[in-house]
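A quick write-up on the structure given underneath.
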Amino acid sequence: MRKSAGWIASAAAAVLVAAGAITYAVAADDGGTGSSVPAAKSADAGFARDMAVHHQQAVEMAYIVRDRTTDVEVRRLAYDIAQTQANQRGMLLGWLDLWGLPKVSSDAPMTWMGMGDMADGEDGALMPGMATDTELKKLGTLNGKQAEVFFLQLMTAHHKGGIHMAEGCVAKCTVGVEKRLAQGMVDAQESEIALMADMLKARGAKA
């Protein structure tokens, strides 16, 4: 048990070190623009702010379903999503700190994509793909298979919204490290959407 705990602690430390290295590497990676500090209204800053918010909800949903089911497959997926997106959120917020930019903006979400009027934030859904407050409360009342299916459906929609935003960064961001992170999000979340489709099918449900 001690060996297992030690391994987990070592692995966690390694993740934090890697995340820190990537975070600080961005300061020297300007994507060929000649400046390593994006403007407050740039796509780089807008993506960092908006995706940090988007990721936070994914982490919240993952922790909710963890306590609503004993299914190993769903709990493993939830854990992977929570760990990955929490680490990525830390990088995004770390970059904003390095750039000396605010973590919040008076602009509507996704304004940097030219989509500031797309989501009105009704019932807590600030951006496309995000679950509403009502949906999150519902998830917290379900158990077993019902919780698994609803989580997979919500997370599929969440990933689709996240992919759209990440693709926007790939097209519009200028900081190389951030563009590569965004592309990595696209690739990983597309793979998870396919996995979740199979998991839903196995439970007699659809996305």
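The values are calculated or read from the model by the stated rules, or taken from the named source; none is laboratory data. Remember, it's a predicted structure, so these values are computed and weren't measured experimentally. Glycine gets a Cβ as well: all are built from the backbone with ideal geometry, and neighbour counts include every protein chain shown. Calculation scope for accessible area: heavy atoms of the full protein, side chains included, ligands and nucleic acids excluded. Shrake-Rupley method; radii C 1.70, N 1.55, O 1.52, S 1.80 Å.
Restricting Gly144, Gly124 to those that are more than 20 Å from Phe47 (Cα to Cα) and not charged (D, E, K, R) reduces the list to Gly144. When segment 136-158 is filtered for residues that are in contact with a helix residue (DSSP H, G or I) (Cβ under 6 Å, 6 or more places away or on another chain) and free of Cβ contacts under 8 Å to residues at least 60 places away in the same chain, the ones remaining, listed by number, are Phe150, Thr156.
Looking across segment 182-202, the residues that are open to solvent by 30 Å² or more (accessible area, probe 1.4 Å) and either in contact (Cβ under 8 Å) with a residue 40 or more places away in the chain or of a type in the set (Asp, Glu) (or both) come down to Asp187, Ala188, Glu190, Glu192, Leu195, Ala197, Asp198. Pairs are defined by a Cβ separation below 6 Å, a sequence spacing of at least 6 or placement on different chains, a first member in segment 41-65 that is touching a residue at least 24 places away in the same chain (Cβ under 8 Å) and open to solvent by less than 10 Å² (accessible area, probe 1.4 Å), and a second member that is in a helix (DSSP H, G or I) and of a type in the set (D, E, K, R); the pairs so defined are Asp44/Glu178; Ala52/Arg89; His55/Arg89.
The single residue among Thr174, Thr132 that is over 22 Å from Glu60 (Cβ atoms), of a type in the set (Ser, Thr, Tyr) and in contact with a Gly (Cβ under 6 Å, 6 or more places away or on another chain) turns out to be Thr174. In segment 97-127, the residue that is modelled with the lowest pLDDT out of those that are within 21 Å of Val65 (Cβ to Cβ) and open to solvent by less than 40 Å² (accessible area, probe 1.4 Å) is Gly124. The set of residues in segment 49-95 that are part of a helix (DSSP H, G or I), charged (D, E, K, R), touching a helix residue (DSSP H, G or I) at 6+ places or on another chain (Cβ under 6 Å) and farther than 27 Å from Asp107 by Cβ comprises Arg66, Arg75. Taken across segment 147-169, residues that are over 20 Å from the mean Cα position of the chain (by Cα) and either closer than 18 Å to Val186 by Cα or of a type outside the set (A, V, I, L, M) (or both) do not occur at all. Would you say Met130 is open to solvent by less than 40 Å² (accessible area, probe 1.4 Å), part of a loop (DSSP other than H, G, I, E, B), touching a His at 6+ places or on another chain (Cβ under 7 Å) and hydrophobic (A, V, I, L, M, F, W, C)? Judged against the criteria, Met130 is a match. Screening Leu142 with (1) within 18 Å of the chain's Cα centre (by Cα); (2) not in a helix (DSSP H, G or I) gives one miss only, at (1).
If the condition is being part of a helix (DSSP H, G or I), out of contact with any Phe, Trp or Tyr (no Cβ under 8 Å at 6 or more places or on another chain) and open to solvent by 20 Å² or more (accessible area, probe 1.4 Å), then segment 159-175 contributes Lys160, His164, Glu167, Val170, Ala171.
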